[in-house]
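Presented below is the structure to which this report refers.
The values are calculated or read from the model by the stated rules, or taken from the named source; none is laboratory data. Predicted model, so just to flag it, every value in this text is computed and none were measured. Note: ideal-geometry Cβ built from the backbone for every residue, glycine included; neighbour counts use all protein chains shown.
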Amino acid sequence: MSVFGNVHLGYVVVETNRFDDWRRFGVDAIGMHHDQLGRDLMRFRLDDQACRFLIQRGPAEDVVATGWHLDDHSTFDEIAARVRAHNVPMTEGTAEEAHLRGVERLLRFPGPKGITQEIYTKAVTTAEPLRMLASGFVTGDSGLGHVAITSSKPAQLRGYFNTVFDARLTDYIDETISGVKLKIRFLRVNERHHSIAIAATQGLPIDPIRTRVQHLNIQASTLDDVAASYQRVHELGFGMALSVGQHTNDKELSYYARTPSGFEWEVGWNPVVVDESTWEPSTHQGISIWGHTPVGQTIVDKLEQFRRAALSLAATEDTVPALSGPGIPDD
């Protein structure tokens, strides 16, 4: 049984000690709805679902879990059976964990780079009106947006998401940044061009990014929302990683801000929707048709990336081998 099309990125869990900065970033800069649940917990909403981002206190300064909304119980049972069949430990989330994530029930299991993967079938919705600066965000059948990961073992990560979610390859991008050649693989699990992006250096198994994710993406309803949030990010003093630009493959117009935890946050508009009857994977040269120029990167920043890349040579990246197997080599 294929589960493709029945899987949607539903929520993201971030662990941080920078609560005040995250509240300002999410509410005042990006423009999301905010619910304070206590000193150590808050949530951001984009739509009628009670939780799209759970921000919890802790030292990671990173994404620690991603939640996947499954259309029905048969999909839920199929994915759970796959994980168990590979002898990967799976645990049921507590009632409190489910409540905080705005779901009725969830199962959790290990994911690549230490990002726990969580699955659920029913999200809690609320009639409480959204109080946010943005006019709206695009979710629905496309899911929340996407998550981008850097990896020294891209074939294994692609194998993982294929094994668990029947992820399909949408396309590739080849890019050279500061003399380093990158290949980015874009994977979809529904109509959204990609819910997972995996970036890797070519020729040398290094990972220059400190955080488990390189960036998260949400899709704004209007171009005006993108422009307004871009201006607010600048005015409030948050870092900007890449200026406004348009991608070569999904044609999304977007910018990349720096979150208080260090990973990047992409706000985009109007990406293409994949037509399964006609789509064929292809390779694009460069990430952008125009724009997306680096903002405020110093030589110190570049040296720090090279230092992290060198350290990663001695590190072991967790790919959950039982679920990634030998991996899927590039087509």
Item to complete: Tell me, yes or no, whether region 303-313 has at least one residue that is surrounded by 12 or more Cβ atoms within 10 Å (Cβ to Cβ), among the hydroxyl-bearing types (S, T, Y), more than 18 Å from Y172 (Cβ to Cβ) and modelled with pLDDT of 95 or more.
Response: no
Response to the item:
Of (1) within 15 Å of the chain's Cα centre (by Cα); (2) assigned by TED's automatic domain parsing to the domain that holds S221, I177 satisfies every one except (1)
Fill in: Residues of region 1-58 classified as closer than 23 Å to V124 by Cα and polar (S, T, N, Q), total
4
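Taking the residues in region 259-296 that are of a type in the set (F, W, Y) and under 14 Å from H193 (Cβ atoms) as candidates, determine which candidate is farthest from the chain's Cα centre (by Cα).
Residues of region 259-296 that are of a type in the set (F, W, Y), as a first pass: 263, 265, 269, 279, 290.
Filter once more, so that each one left must be under 14 Å from H193 (Cβ atoms): 269, 279.
Working: W269: 16, W279: 23 Å.
The residue in question is W279.
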Response to the item:
Checked region 22-34 for anything under 28 Å from G111 (Cα atoms) and surrounded by fewer than 21 Cβ atoms within 10 Å (Cβ to Cβ); matches are W22, R23, H34
Worksheet item: Name the pairs: first residue in region 260-272 and touching a residue at least 60 places away in the same chain (Cβ under 8 Å) and farther than 16 Å from G237 by Cα, second residue of a type in the set (K, R) and not in a strand (DSSP E or B), Cβ to Cβ under 7 Å, at least 6 apart or on different chains?
Response: P271/K251; V272/K251
Worksheet item: Among the residues of region 1-40, which ones are among the hydrophobic types (A, V, I, L, M, F, W, C), farther than 23 Å from R258 by Cβ and in a strand (DSSP E or B)?
Response: V7, L37
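Determine whether L187 is aliphatic (A, V, I, L, M) and out of contact with any Phe, Trp or Tyr (no Cβ under 9 Å at 6 or more places or on another chain). Break it down stepwise before answering.
Working: aliphatic (A, V, I, L, M): yes; out of contact with any Phe, Trp or Tyr (no Cβ under 9 Å at 6 or more places or on another chain): no.
So L187 does not fit the description; no.
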Practice prompt. Give, as residue ranges, the strands (runs of 3 or more DSSP E) completely inside region 147-244 that count at least 3 residues that are at pLDDT below 95 and over 30 Å from S74 (Cβ atoms).
Written response: 168-177, 180-188, 196-201
Item to complete: Report the residue count in region 233-258 for those that are over 22 Å from H193 (Cα atoms), among the charged types (D, E, K, R) and surrounded by fewer than 16 Cβ atoms within 10 Å (Cβ to Cβ).
Response: 1
Worksheet item: Mind checking which pairs have a first residue in region 69-87 that is closer than 19 Å to G143 by Cβ and a second that is in a helix (DSSP H, G or I), Cβ under 8 Å, 6 or more apart or different chains?
Response: L70/F76; L70/I79; I79/V164; I79/F165
Item to complete: Among the residues of region 70-125, count how many are polar (S, T, N, Q), surrounded by fewer than 17 Cβ atoms within 10 Å (Cβ to Cβ) and either assigned to a helix (DSSP H, G or I) or in contact with an Asp or Glu (Cβ under 6 Å, 6 or more places away or on another chain) (or both).
Response: 2
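Among the listed residues E78, E96, which satisfies the condition of being under 30 Å from G38 (Cβ atoms) and either modelled with pLDDT under 95 or assigned by TED's automatic domain parsing to the domain that holds C51 (or both)? Show your work before the answer.
Values: E78 fails: under 30 Å from G38 (Cβ atoms).
Result of the check over E78, E96: E96.
Give the number of residues within region 60-102 that are among the aliphatic types (A, V, I, L, M) and over 19 Å from the mean Cα position of the chain (by Cα).
First, the residues of region 60-102 that are among the aliphatic types (A, V, I, L, M): 60, 63-65, 70, 79-81, 83, 85, 88, 90, 95, 98, 100.
Checking the rest, the ones that are also over 19 Å from the mean Cα position of the chain (by Cα) come to 79-81, 83, 85, 88, 90, 95, 98, 100.
Of the residues in region 60-102, 10 are among the aliphatic types (A, V, I, L, M) and over 19 Å from the mean Cα position of the chain (by Cα).
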